[in-house]
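A quick write-up on the structure given underneath.
The values are calculated or read from the model by the stated rules, or taken from the named source; none is laboratory data. No experiment lies behind these values; they were computed from the predicted model shown. Don't worry about glycine lacking a Cβ; one is built from the backbone with ideal geometry, like all the others, and counts go over all protein chains shown. Protein only, heavy atoms only, side chains kept; ligands, DNA and RNA dropped before computing areas. Shrake-Rupley method; radii C 1.70, N 1.55, O 1.52, S 1.80 Å.
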Amino acid sequence: MKLAEALQLRADLQKRMEQLASRLYDNATVQEGDAPAEDPAALLVEYEDCAARLEDLMARINRTNSETRTEKGTLTELLARRDCLKLRAETYRNFLTAASSLTRRATRSEIRICSAVSVPEYRKKADSLARELRETDNAIQNANWTTELQ
């Protein structure tokens with residue numbers, strides 16, 4: 001199984017566990033004399049089975065990520081890089097949005113709001129971060145589809 005397939009399976013298992021948990025909550029109590037719509041014990045068995053499969057799969061994914069080397073480092077290192085680049089790019093975008101929104105004055109006596117920074121200069125930095133984020137994500141996706149799960 002390729003790493004990308006394992007990641008899809010992980011997402012499916014996580015979603016399935018959320019659905020089972022919701023069904024468990026819905027069937028936890030009933031009015032006296034009534035039966036639950038679904039057997040909570042059977043739901044718990046299925047939930048625990050999914051949890052065990054998810055735990056094993058996550059361990060295998062993590063092991064594969066830490067042992068798979070790319071030109072830019074291990075997959076674990078690339079994932080950390082991508083996460084930090086996402087945070088930085090988002091901060092720059094929000095910062096530039098705030099710096100670019102200048103208040104219009106109706107009269108000369110109103111307070112004038114000016115940008116505290118050179119927006120074009122920081123826009124180049126934001127664009128550079130966005131490009132690096134795309135390249136890093138592409139490297140991760142490429143490795144995910146070419147690496148066998150361990």
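Structure summary
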{"quantity": "Helix-only [θ]222 nm of the chain, DSSP H runs n ≥ 4, -39500 (n - 2.57) each, per residue, nearest 500", "calculated": "-25000 deg cm²/dmol"}
{"quantity": "Under Karplus coefficients 6.51, -1.76 and 1.60, residue-wise ³J(HN,Hα) of region 15-26 in Hz, glycine/proline x", "calculated": "5, 4, 5, 4, 5, 4, 4, 4, 5, 4, 4, 5"}
{"quantity": "Rg [Å, one decimal], Dmax [Å, integer] - region 1-127, C-alpha atoms", "calculated": "25.7, 77"}
{"quantity": "Distance between modelled label sites at residue 69 and residue 16, nm, 7 Å Cα→Cβ extension", "calculated": "3.6 nm"}
{"quantity": "Residues whose placed amide H lies under 5 Å from that of residue 70, excluding near-sequence neighbours", "calculated": "75"}
{"quantity": "Unit charges on C-beta of K, R, D, E only; dipole of the chain, Debye", "calculated": "1740 debye"}
{"quantity": "Positive-end residue of 68, 102, 150, charge dipole of the chain with Cβ unit charges", "calculated": "102"}
{"quantity": "For residue 13, net neighbour charge (Lys/Arg +1, Asp/Glu -1) across residues whose Cβ lies under 12 Å away", "calculated": "-2"}
{"quantity": "Three-way shape label, region 31-105, alpha-carbon gyration tensor, a/c 1.5", "calculated": "oblate"}
{"quantity": "Residues whose placed amide H lies under 5 Å from that of residue 2, excluding near-sequence neighbours", "calculated": "149"}
{"quantity": "Relative contact order (%) - criterion: Cα under 8 Å, at least six apart; region: the chain", "calculated": "34 percent"}
{"quantity": "Carbon + sulfur, % of accessible area of region 19-133 - ligands and nucleic acids excluded, 1.4 Å", "calculated": "51 percent"}
{"quantity": "Solvent exposure ordering (accessible area, 1.4 Å, most first) of 1, 58, 17", "calculated": "1, 58, 17"}
{"quantity": "Debye intensity ratio I(q)/I(0), log10, region 1-58, q values 0.19, 0.27, 0.29, 0.30 Å⁻¹ (C-alpha model)", "calculated": "-0.68, -1.03, -1.11, -1.15"}
{"quantity": "Inter-site label distance for residue 1 and residue 130 at 7 Å from Cα along Cβ, in nm", "calculated": "3.6 nm"}
